[in-house]
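The values are calculated or read from the model by the stated rules, or taken from the named source; none is laboratory data. What you see is a predicted model, and the numbers here were worked out from it, not measured in a lab. Here Cβ is always computed from backbone atoms with ideal geometry, including for glycine, and neighbour counts include all displayed protein chains.
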Amino acid sequence: MGIQLLKKHINNTSVMVYHGTTSLFDGIDVAKGKPYKDFGKGFYVTLTYAHAESLARRNKRLELERYERRCDAYVYTYEMNLASFADFNVKEFTQADLEWMRFVLANRRSRERAHHYDIIVGPTAKMIHQLY
């Protein structure tokens, strides 16, 4: 089980994570995730509010450009208890290396998830692109 990236950002046993979206909802449903994403179909969160807000605003703009649909941008905040990770199959990427690249490519080519993990921790391709 790997949660070292999360532990770097906290001093206790829980961490705040954020989800940027254009949808209102009451509960998390990973089946409603979009296919062909870096870590597969699922529910994506980030450690920074600003990143989640940026994604929500981007998706709002895309909804209007692609589908001529007006919507609002929302950021959901969740507190994750790291002790509960013991019950999950976790894959952690500490860097964007060859293993990470193969993992991302496999998921981007698959309508469903191309893996058996419950939680994936690590950078997305868009994050890597923004660094360079």
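Take the residues of segment 73-83 that are surrounded by 11 or more Cβ atoms within 10 Å (Cβ to Cβ) and over 16 Å from the mean Cα position of the chain (by Cα): which is modelled with the lowest pLDDT?
In this case the residue turns out to be Leu82.
Given (1) farther than 21 Å from His19 by Cβ; (2) surrounded by fewer than 17 Cβ atoms within 10 Å (Cβ to Cβ); (3) not basic (Lys, Arg), identify the lone condition not met by Trp100.
(2)
Taking Glu63, is it at pLDDT below 95, within 17 Å of Gly20 (Cβ to Cβ) and out of contact with any strand residue (DSSP E or B) (no Cβ under 9 Å at 6 or more places or on another chain)?
In short, yes.
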